[in-house]
Every structure is written in C-alpha cells, then in structure tokens.
1. Which condition number in (1) surrounded by fewer than 18 Cβ atoms within 10 Å (Cβ to Cβ); (2) out of contact with any helix residue (DSSP H, G or I) (no Cβ under 8 Å at 6 or more places or on another chain); (3) assigned to a helix (DSSP H, G or I) is the one that M99 fails?
2. Six or more apart or on different chains, Cβ under 6 Å: which pairs go from a residue in segment 108-119 that's over 19 Å from A58 (Cα atoms) to one that's hydroxyl-bearing (S, T, Y) and surrounded by fewer than 23 Cβ atoms within 10 Å (Cβ to Cβ)? Could you list them?
3. What's the number of the only condition in (1) buried (at least 19 other Cβ atoms within 10 Å of the Cβ); (2) free of Cβ contacts under 8 Å to residues at least 40 places away in the same chain that G165 fails to meet?
4. Working carefully through the options I79, I50, find the one that is in a helix (DSSP H, G or I), at pLDDT below 85 and not acidic (D, E).
5. Quick check on this structure: which one of R35, R129 is under 30 Å from Y156 (Cβ atoms), in a helix (DSSP H, G or I) and of a type outside the set (S, T, N, Q)?
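The values are calculated or read from the model by the stated rules, or taken from the named source; none is laboratory data. As the structure is a computational prediction, the values presented were derived from the model and not from experiment. No Cβ is skipped: glycine too gets one built from the backbone with ideal geometry, and neighbour counts run over all protein chains shown.
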Amino acid sequence: MILQIAFGTGLFGFSCILVVILLVVLAFAVYYYNRIVVLSNQVDNSWSQIDVQLKKRADLVPNLVETVKGYMKHEKGAIKMVTDARAKMMGAGTVDEKMKASGELTRALKTILALSENYPQLRASENFRLLQEQLDGIESKIAYARQFYNDSILRYNNITSTIPGVWFAGFMGKAHKPYFEIEEKEREPVKVKFDE
C-alpha cells in the first residue's frame, strides 16, 4: 500500500513537472513568434515611412525642374538626369529598386543644386528658394526615416540571428533583412560639369 501511494505520487509529480516544462516551452515559443512578427511589422512600417517621404520628394521634382529650366538653359544634361532619376523612382517596385532609385535621385538633385550656385538669378528666385527649402525638409525626414528603418532592421536581425530566435525565424520562414545603405557613388562629392 505504501509502495502504491509512493509510486502514484511520484507519477503525479513527474506529470506535473512535465506539464510545467511544456507550458514554459509553449510560452517561450509564443513569445518568440510574437516578437518576430512585431519586429517584422515594425520594419515594414518604417519602410513605408521612407516610401512616403520618397514620394513627396518625387512629387516636388517636376516643380523644381520647371523652375530650373528657365534659368539653366545650358544644363540640359543635369535636368535630364533629374527627370530620368525621378521616372526610375516612380517606377520602382521592390524595396531594393526603390533604394537604388532613391540614391540616383539624390545624386541628380545634388547636381542640380550645385549647378544652381552658378545662377544668381535662379538662387534669388522665390519659387526656387521655396522648393529648395521644401526639398531640404524632405531630405531631413528621409534621413530620419532611414535611421529608424535601419534601427528596426537591427532589432529584427538581432532576434532572428541569435539562438533561439534563429530557430523560430527559420520555422516561420523569416530571413535576414538588408539595411538601407548608401551606395558608393552617393558618398562621392558631386561633380559639376557645365554643358557647352
């Protein structure tokens, strides 16, 4: 009888321990699953913030080009570069394509703004100054949004690259995400070349 009670209590105790372990593992799995989903959503949201600012900048470009055209009659190559870069930006579909097109548009706009230094009448134009101020504001917002995006990517990549998050990420089909990086060309100073 004593042996039967001891055996019964031991089996009950073992069952309780097993249930507790299973509950801890389940809670752990739910936590990591939810954390990965939340961080992935945060990355998507931070990208959409960049996308909004890129769209605002692209919408500002036609007005800038029209203002510049009247003064920079000899700078057709620079104006075409801005127009082509904007078209690529508007036609980009994937995040990678948009990142690349954004870099090209940034370089083209820097060229136009650098060229404007040689046209005092253009710099004095109220319309040009207003567009330049708006563009500067949008560029600041893009820089902030890029930083927030890269911070979100860092948190996401950290949880999906470390143990045990890497196991859950693999199970969920979540992969490492790339940072929004500046291309080498964008790091170079703007080269101003006057059309003849």
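1. (1)
2. Listed pairs, sorted by first residue: Y119/Y71.
3. (2)
4. Details: I50 fails: at pLDDT below 85.
None of the others qualify; the one that does is I79.
5. R35
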